[in-house]
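Worksheet for the structure shown next.
The values are calculated or read from the model by the stated rules, or taken from the named source; none is laboratory data. Source: prediction; values computed, not measured. Cβ sites come from the backbone with ideal geometry, for glycine too, and all protein chains shown count toward neighbours.
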């Protein structure tokens, strides 16, 4: 469903991604790990269409479309969801209202009927139950005054309601205590399905203890330098990122 | 994709949907102002001598006053002799009921969404419709009269209830109050009068709809609302005007009197023609609004949504005289293109344990300039006075301005006064977050603006809140991107 | 309208009979007297001052000065302890040229009558070391007037710490102290201003500071009030990334009056300012805080915060606060807060429950309240100690 081919991206004239390749099929969970500054968050931002990222070469295809040609809201309507590393606060805008506006905008773009507020509320209540989140989440402003953990759980909740085809989670595990981490992971697991692809971007292996990926990729200096099964994460944890770099240098020699 | 100039022009044309002109013959007094004009207006309205003298006294005082310059407004000199001070649609006889009103007038109000006919009128809202200088008609009069509520045009109140008008007129805003109040007192034409007797809770919303139509005229209405002991009323006003290249003057005075335990809620959705994107035309809106909480535990609450007018100069205020009386001011003001607004409130605490609350939200876009100006004054008699003020500005674009001028004057050690002001813009992050969830940019902007204004919209009656939200969306078109 | 004070101005009183001073005197005579209908004087009346006729006092005798200080009495230098200043640091006396005068009656008076002042120059990259003090004293006797004009110029990357100290005059006087301050790129100035309480002094302190890129001003002010004591503080953050940290307290009793007129302008991108003020007004005192922050077009990345909190100690005291924001740029973070209130009853109760008598508990809390404005400043400052002394004296607060 997602095919990234030789992607080069610069930010303010500085090359960050330097030929990244990645293919994600429906039902697969890909973990992207890597040291700070490797380009992990740049990848997430480019997939969602944030401004300020210049694609200098390569392509990203999603299903049959050129993803990079789409506006952010068109990508969302096409089924791409980004869980933000830093979810944005929008004071005064009710969470449920925001989500219904997003949900209906996406459905409208896809030519599907919109849900009225009663139908929608039924739907979000179900999702809350599945994720065992408190109902008061619905009545608060979007991320406004939320703790770090609440913001991340709200992202997962939004993902559950919007049911994207491809979910990109940008360091959703960062800054979470162990209980919050487990809740986030449970949320992700409950949404795994044969139709949905995941890209989990993370710095640490611990999220992968709870969400077992099908593939693990190591991103370093703007490229995928190592790919493997779930066991790769454990090796990284044991040896550190320098180990990958060393092996790569060794392999090249 | 860049729009062609024609597309942009078309869009701007649509922007102000109330900008049409009603083609109707009017009785217009020639431009100019002197004592004879004041007498003529009074005579046309068949007023008693005491009122004519009251007007003349105000006029003589006005002559001694300079135009105020302290507001942060850039106002081109106004030639007060070039304005016509009275314009009324020609009607052979004063219509006795709405059925006798000129169909063109009824049609005008239909088009503005304020139908006056029996069959179409708004459920649960009694309307007084004012066209240029006169009231066209008032709905639901019979139903209101049954509970003793008087709701009629000001002219009619002078004829039918002179003792009430004489008792309260000018007692909250004396003609000496300021330049525009003096001018209004001299030449005021029509407006609404409301009297809620003791113990009555007004069974429906009362509403006045003001329409300026004639060219080169000013509108100078006067509204007086009196709520006796233990009574309650919610009053709304709306206003529009045609699109014209000349500036037109609107200088109103509103006086509210709340006696013991009475409550008055006064809401305004102001959508006078704001002028075009280059600042040509538009209404000069210079308004004096003040409420006196005279009785114990009385309450006056002002809510305003100000999206129109080229220049707005208004400070709906509360004089909190009665013990434990409460004053509130909720405001959303929006300035776009070349609009300017200097608005806010005054809360004067005189009685013990009086409370006031101010929530002011200013949105500035394009080259709009917006100023909040507010006074919170606690006099030595106001032990236990409380005020909380929240003043937020939202800036959209690099060429607009948002300013805050709060005045806090405290002369009692028991008082607690709190003022907070913040300034923000719609951040790129907020817009991107919305778009990443599938919400388009314009929708995202109105959603964020709506969230910013929520605290104020909550105070408006439901239909008005919807209208206010829509106005804000229309007024902000093209503000981002 | 001119006042008896202006009408009594006499050419014979000029320190030197020269054309510029004669012109300034003539201007002072006819200049409009500040009246309360002017926005900047809304809360401070100079009516009583206008009825007086203070005259310049004769030059007083020399007196000893503490180390690292210059003493001025009645507007004349009477002593200096300037041995051992670091190389690149020059502190000279004599009247400094006005930098940018407002051209009002007090500027004309200063131009006509000022004979002295201090000029501190610190060369680029030089640290002037410990505090340098300019001590202002007033003689006793007949109603007198004196005027000083100082100048502080720091080269790029230079550092200095300066105390402007006005001792509380016991007799009636009209005093103006005008200081023009220029901070070159990256320069840092710590400025402490103390006005001790004075019943009969009319004091006008005018500090004008201009900061180039990356320069930094830290200012603390403590004012016991006078009749009146007015501090006009004008700060231009003119270069990118300049910053100002301002903290001050009014501790007022009797009929004393203190008035801060802050005009803080963010003129360049990326500048920050924080302002924290506390006002205590007891008996018949009056505190005025007029804080005006302007963010000019193009001053993106501005971060400006201001708070003013006040406590009133009596039903005859008054606080007037006017925290103004004027913003012409959209990429800004600005927040203003002003409160007037009482001591926290819970805190008062807590102290009393630990055995502290009510009055003492109140005094502790009052001092803590004022001290908040002076907290969070790097380095040693003389003001917290002075505040403790001042707040201790004002037992009734």
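Quick notes on this one:
- Residue B:365 being buried (at least 24 other Cβ atoms within 10 Å of the Cβ), more than 7 Å from chain C (Cβ to nearest Cβ) and over 23 Å from the mean Cα position of the chain (by Cα): no
- Looking across A:65, A:44, one residue alone is surrounded by fewer than 23 Cβ atoms within 10 Å (Cβ to Cβ) and under 23 Å from residue A:192 (Cβ atoms). It is A:44.
- The stretch B:275-323, residues that are assigned to a strand (DSSP E or B) and touching a helix residue (DSSP H, G or I) at 6+ places or on another chain (Cβ under 7 Å): B:286, B:288, B:303, B:305
- Output for the stretch B:385-423, where each listed residue is closer than 30 Å to residue B:278 by Cβ and in a loop (DSSP other than H, G, I, E, B): B:397, B:398, B:399, B:400
- Considering residues of the stretch A:80-99 that are facing chain B (nearest Cβ under 7 Å) and part of a strand (DSSP E or B) only, the residue surrounded by the most Cβ atoms within 10 Å (Cβ to Cβ): A:82
- Among the residues making up the stretch A:100-112, a single one is within 8 Å of chain B (Cβ to nearest Cβ) and more than 24 Å from residue A:1 (Cα to Cα): A:101.
- Against the list (1) closer than 20 Å to residue A:21 by Cα; (2) over 16 Å from the mean Cα position of the chain (by Cα), the condition residue A:168 fails is (2).
- Under the condition of being within 16 Å of residue A:92 (Cα to Cα) and surrounded by fewer than 20 Cβ atoms within 10 Å (Cβ to Cβ), the residues counted in the stretch B:430-445 number 1.
- Flag for residue B:395 being crowded, with 23+ Cβ neighbours inside 10 Å, over 22 Å from residue B:301 (Cβ atoms) and more than 14 Å from chain A (Cβ to nearest Cβ): yes
- If you go through the stretch A:169-181 and keep only what is over 15 Å from residue A:208 (Cα atoms) and surrounded by 23 or more Cβ atoms within 10 Å (Cβ to Cβ), you end up with nothing.
- Extreme residue, modelled with the lowest pLDDT, among residues of the stretch C:192-221 that are buried (at least 23 other Cβ atoms within 10 Å of the Cβ) and over 17 Å from residue C:248 (Cβ atoms): C:198
- Scanning the stretch B:429-449 for residues that are at the interface with another protein chain (Cβ under 7 Å from one of its Cβ atoms) and over 21 Å from residue A:79 (Cβ atoms) yields B:429, B:430, B:447, B:448.
Table: residues versus (1) closer than 27 Å to residue B:426 by Cβ; (2) within 8 Å of chain B (Cβ to nearest Cβ).
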residue	(1), (2)
A:64	no, no
A:68	yes, no
A:73	yes, yes
A:78	yes, no
A:114	yes, no
A:122	no, no
A:129	no, no
A:165	no, no
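- Output for the stretch C:337-358, where each listed residue is in a helix (DSSP H, G or I) and within 14 Å of chain B (Cβ to nearest Cβ): C:345
- Filter result for the condition that a residue is assigned to a loop (DSSP other than H, G, I, E, B), without any contact (Cβ under 8 Å) to a residue 60 or more places away in the chain and out of contact with any helix residue (DSSP H, G or I) (no Cβ under 8 Å at 6 or more places or on another chain), over C:139, C:125: C:125
- Residue list for the stretch A:182-197, filter: more than 17 Å from residue A:27 (Cα to Cα) and surrounded by fewer than 22 Cβ atoms within 10 Å (Cβ to Cβ): A:182, A:183
- The residues in the stretch B:464-480 that are away from every other protein chain (no Cβ under 14 Å) and outside any helix (DSSP H, G or I) can be counted, and the count is 3.
- Test for residue C:364: is it surrounded by 15 or more Cβ atoms within 10 Å (Cβ to Cβ), in a loop (DSSP other than H, G, I, E, B) and more than 7 Å from chain B (Cβ to nearest Cβ): no
- Put simply, of A:60, A:23, A:46, A:55 the only residue that is assigned to a helix (DSSP H, G or I) and over 22 Å from residue A:141 (Cα atoms) is A:46.
- For the stretch A:101-127, the set of residues classified as part of a helix (DSSP H, G or I), surrounded by fewer than 18 Cβ atoms within 10 Å (Cβ to Cβ) and within 22 Å of the chain's Cα centre (by Cα) consists of A:107, A:109, listed by residue number.
- Looking only at residues of the stretch C:4-55 that are farther than 30 Å from residue B:411 by Cα and touching a strand residue (DSSP E or B) at 6+ places or on another chain (Cβ under 6 Å), we find that the one that is farthest from the other protein chains (Cβ to nearest Cβ) is C:13.
- Within the stretch B:452-463, considering residues that are in contact with a helix residue (DSSP H, G or I) (Cβ under 9 Å, 6 or more places away or on another chain) and assigned to a helix (DSSP H, G or I), the one surrounded by the most Cβ atoms within 10 Å (Cβ to Cβ): B:453
- Matching residues, the stretch C:306-336, being part of a strand (DSSP E or B), farther than 16 Å from residue B:420 by Cα and more than 7 Å from every other protein chain (Cβ to nearest Cβ): C:311
- Scanning the stretch B:374-384 for residues that are over 23 Å from residue C:325 (Cα atoms) and either more than 10 Å from chain C (Cβ to nearest Cβ) or assigned to a strand (DSSP E or B) (or both) turns up B:379, B:382, B:384.
- Of the strands (runs of 3 or more DSSP E) lying entirely inside the stretch A:134-253, the ones with 3 or more residues being without any contact (Cβ under 8 Å) to a residue 60 or more places away in the chain are found at A:223-228.
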